[in-house]
1. Would you confirm whether or not the stretch 157-173 contains a residue that is open to solvent by less than 60 Å² (accessible area, probe 1.4 Å), at pLDDT below 95 and not charged (D, E, K, R)?
2. Out of the stretch 183-214, which residues are away from the ligand (no atom under 12 Å from the Cβ), assigned to a loop (DSSP other than H, G, I, E, B) and over 14 Å from the mean Cα position of the chain (by Cα)?
3. Taking the stretch 127-157, which residues are closer than 16 Å to Asp192 by Cβ and either without any contact (Cβ under 8 Å) to a residue 60 or more places away in the chain or away from the ligand (no atom under 16 Å from the Cβ) (or both)?
4. Name the single residue, out of those in the stretch 9-48 being open to solvent by 70 Å² or more (accessible area, probe 1.4 Å) and in contact with a strand residue (DSSP E or B) (Cβ under 7 Å, 6 or more places away or on another chain), that is farthest from Glu213 (Cα to Cα).
5. Looking at Ala22, Ala38, which one is among the aliphatic types (A, V, I, L, M), touching a Gly at 6+ places or on another chain (Cβ under 9 Å) and in contact (Cβ under 8 Å) with a residue 24 or more places away in the chain?
6. Taking Lys179 as the residue in question, decide whether it is open to solvent by 40 Å² or more (accessible area, probe 1.4 Å) and part of a helix (DSSP H, G or I).
Amino acid sequence: MIVKENLSILLNNLPTKVTLVAVSKTKPITDIQEAYDAGQRIFGENKIQEMVNKYDALPKDIQWHMIGHLQRNKVKYMAHFVSLIHGVDSIKTLKEINKQATKHDRVIDCLLQAKIANEDSKFGMSFEEIKEILNSEEFLELKNINVVGLMGMASFSSDEDQLNREFGSLKALFDSLNKPNLKILSMGMSSDYEIAIKNGSNMIRVGSAIFGERNYLA
Ligand SMILES: *Cc1c(COP(=O)(O)O)cnc(C)c1O
């Protein structure tokens, strides 16, 4: 019952324009089913194989979001069902997603991941790279992907000024790009989603605040 309670506390305090991705990585099917029974339909995973196993086992109206760093050679395993890919950080990866989406006659929604943290461990592209991709010929030729927004992960820090700076910088980029297709700004996790929302996030990815702490680093 704790999953259901956590979920309703979270949702009660969320502005309606903010979409919740329930991050279920490492958590068992039973936890996801509990959240599903409480009405949650969007779940996020960071490993493709784990997401495929969960997709096979759970109701088909779940929207699965891939939030982790992508291994290009595994994109094919999720191309038939993935609903949104958050962590795209190169034109090469976009091309691979486009190729696999074409095989299934789908158009796959993607977010470009920007590096906003000042930590080497966080993936993502520079703002310049993002602008370059969006304005490139090779990008415009990819008909089976749809870049619908941006994603970023802030530093692992409790310094609110720093988090405001990092989230604020991505919001500024988002606004400056001025592309009508870009609608989603995915920022914020359990520890920092309130600050992310204040800085314009409209999609948060929350795991441990719903499902409890994970047993191992994922
Ligand atoms: C694990 C993860 C989350 C959720 O983290 P919590 O701190 O458990 O809310 C969000 N985004 C990404 C990219 C993740 O890998």
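1. Yes: the stretch 157-173 contains one or more residues that are open to solvent by less than 60 Å² (accessible area, probe 1.4 Å), at pLDDT below 95 and not charged (D, E, K, R).
2. Residues satisfying the conditions are Asn199, Gly200.
3. Hits for the stretch 127-157 are Gly152, Met153, Ala154, Ser155, Phe156, Ser157.
4. So the residue we want is Arg41.
5. After ruling out the rest, the residue left standing is Ala22.
6. So Lys179 does not fit the description; no.
The values are calculated or read from the model by the stated rules, or taken from the named source; none is laboratory data. Remember, predicted model here, so these are calculated numbers, not experimental data. For neighbour counting, all protein chains shown are included, and Cβ atoms are generated from backbone atoms with ideal geometry for every residue, glycine included. SASA here: full protein model, heavy atoms, side chains in, ligands and nucleic acids out. Shrake-Rupley method; radii C 1.70, N 1.55, O 1.52, S 1.80 Å.
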